[in-house]
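The next block holds one structure in the form of structure tokens; read it before the comments.
Just so you know, all these numbers are worked out from the coordinates, no wet-lab data involved. Note that the structure is a prediction, hence the values are computed from the model and not measured. Glycine gets a Cβ as well: all are built from the backbone with ideal geometry, and neighbour counts include every protein chain shown.
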Amino acid sequence: MSETKYTDSHEWLRLEDDGSVTVGITEYAQNLLGDLVYVALPKEGQSFAKGEEAATIESVKAAGEIALPVDGTIVAVNSLLADEPSLVNDAPEGDGWFFRIQLANPAQLDGLLDDVAYQNLIGQ
Amino acid sequence: MNAPLNRTPLYDLHIKLGAKMVPFAGYEMPVQYPLGVLKEHQHTRAQAGLFDVSHMGQVKLIGKGAAAALETLVPVDIQDLPVGMQRYALFTADDGGILDDLMVSNFGNDELYVVVNAACKEQDIAHMRRHLSAHCEVVELTDRALLALQGPAAATVLARLAPAAAELTFMQNAQLEIDGIACYVSRSGYTGEDGYEISVPAAQAASLAERLLAEPEVEAIGLGARDSLRLEAGLCLYGHDIDTGTTPIEGSLLWAISKNRRPGGERAGGYPGADVVARQIADGVAKKRIGFIVKDKVPVREGAEITDADGTVIGKVSSGGFGPSFGGPVGMGYVASAHAAVGTALYAIVRGKPVVIEVAKTPFVPQRYYRG
């Protein structure tokens, strides 16, 4: 049973069956950013502490960072995004995922927003 | 408190079309429509895009002395500008800095038609009134909107409504009826594509825009794509690529200074800052505007510092972003002249890290103006 959490900076984190967590940005975020033209992803095996910047994205309008809300190690990246950043616009919560991370401390997920709280945040 | 924003006569149409509106030069303007910046850009290069540029200033200079008088403010040949032709010009300051860039058309009957940038229009009109009023009337056309129809299908589309528009070549203009509406039409634009700029009475602007948008080739295009289109075309954006701190020579705009206004020409000088410009033509300049491409895929944006191989800062990016038709990031900036040769490898500092860039020729995509 997968469970999705959200941050107040519009990332989503989905707990997968194997215990890893997939990270991307929300539909709301891609709509605000506009067409993405560049995505710089971390490397597999790289470790990050909570709050560290793990990826950089650039749209036609602005640059943004993906700061991790959890501690962990990258176990997979979506290498398609290097040539096709538009996947993030087309399917931000599907084919436009950024990377998967193995959590150092799974309990950190509990501190994030659930679907209802996130929808409230963005005023839906 | 900010002053309330102005709206163009197309405001209601933008809202109806689902535009995202942003403040720009004192106006609420559409930055993009639901199509999005990338697709709007590509559509303009593939077919035709319609832009609302009604925020720009439209001015008539009326009187026998208008051309000679305007020449005292710009380094451009206005007196010999043929009737029915348009020319790019620059208002210069006493130190040679650029106050604005503009388009000047000769309408005949001692009338010049001038289009200036939105952000500069108040100061430009004051500047013209101060210096030209003794020689001609300076009339701001506040009751007209301005549309741009740009792209390879623009000529086919406009010819359906105004067959005579097809006969114009690049930088020619004419007063034509489009769908029964009296317009000033010039074959020019800010995208590098063939196309037109259409001055239309404000009251009829929305209906003309809707008429053009009803043609299957035409989509509404916002300011976001307007910026990426002009950047790929190597065209300067005033306030960014040129401003009061850059002269026409530093801005690599010698081409815009008419031959007969250059040193040795029959009407050499005679505009503000002519001495500075003449000296720079003879002796060269310390910094120069260049175009650059980016070796990686990372967009390099305005304000980024440019360094040489040793990490010494030698310039700054004035405009930059992703070029959708070029297929990668492109930009313009100012660098020390020793580093301005095409092919020179330099670095731009993006988020603290050096990114390899290379000085490149502009435009970044071929211009497709219709020259007959």
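Residues of A:29-37, mean number of Cβ from any other protein chain within 10 Å of their own Cβ, rounded to a whole number? Spell out each step's value before the answer.
On the way: counts 0, 0, 2, 1, 0, 7, 11, 2, 12.
Rounded to a whole number, the mean comes out at 4.
May I ask you to sort B:120, B:183 by Cβ crowding, counting other Cβ atoms within 10 Å and putting the fewest first? Spell out each step's value before the answer.
Values: B:120 21, B:183 25.
Starting with the residue having the fewest Cβ neighbours, the order is B:120, B:183.
Provide B:295, B:39 in ascending order of the number of other Cβ atoms located within 10 Å of each residue's Cβ, fewest first.
Numbers: B:295 14, B:39 19.
By the 10 Å Cβ count, ascending: B:295, B:39.
For the residues A:18, B:80, what sequence is obtained by ranking on other C-beta atoms within 10 Å, fewest first?
Numbers: A:18 9, B:80 13.
Ordered from fewest to most neighbouring Cβ atoms within 10 Å, A:18, B:80 come out as A:18, B:80.
Residue by residue through B:242-250, how many Cβ atoms from other chains fall within 10 Å of the Cβ on average? Please list the in-between numbers first.
Details: counts 0, 0, 0, 0, 0, 0, 0, 0, 0.
The mean count of partner-chain Cβ atoms within 10 Å per residue comes to 0.
If you take every residue apart from residue A:124 with its C-beta less than 13 Å away from the C-beta of residue A:124, what net charge results, scoring Lys and Arg +1 and Asp and Glu -1?
Details: positive: none; negative: A:27, A:115.
Taking every Cβ under 13 Å from that of residue A:124, the sum is -2.
Let me know the shape class of chain A, please: from the alpha-carbon gyration tensor, a ≥ b ≥ c as square roots of the eigenvalues, rounded when a/c is under 1.5, otherwise prolate if a/b is greater than b/c, or oblate. Intermediate results must be reported in sequence, preceding the final value.
Working: a/c = 1.63, a/b = 1.14, b/c = 1.43.
Because a/c hits 1.5 or more and a/b fails to exceed b/c, chain A counts as oblate.
I'd like the mean, over residues of B:292-301, of how many other protein chain beta carbons sit within 10 Å of each residue's own Cβ. Spell out each step's value before the answer.
Details: counts 0, 0, 1, 0, 2, 8, 6, 7, 1, 3.
Rounded to a whole number, the mean comes out at 3.
Distance cut-off 28 Å, Cα to Cα: go down the list A:50/B:295; A:5/B:16; B:287/B:361 and report the pairs above it.
On the way: A:50/B:295 32 Å; A:5/B:16 36 Å; B:287/B:361 17 Å.
Violating the 28 Å limit, Cα to Cα: A:50/B:295; A:5/B:16.
Under the rule of at least 5 residues apart or a separate chain, name every residue whose amide H is placed under 5 Å from the amide H of residue B:144.
B:202
Classify region B:1-285: rounded, prolate or oblate, from the alpha-carbon gyration tensor (a ≥ b ≥ c, eigenvalue square roots; a/c under 1.5 rounded; otherwise prolate if a/b is larger than b/c)?
On the way: a/c = 1.69, a/b = 1.52, b/c = 1.11.
It is prolate, given that a/c is not under 1.5 and a/b is the larger ratio.
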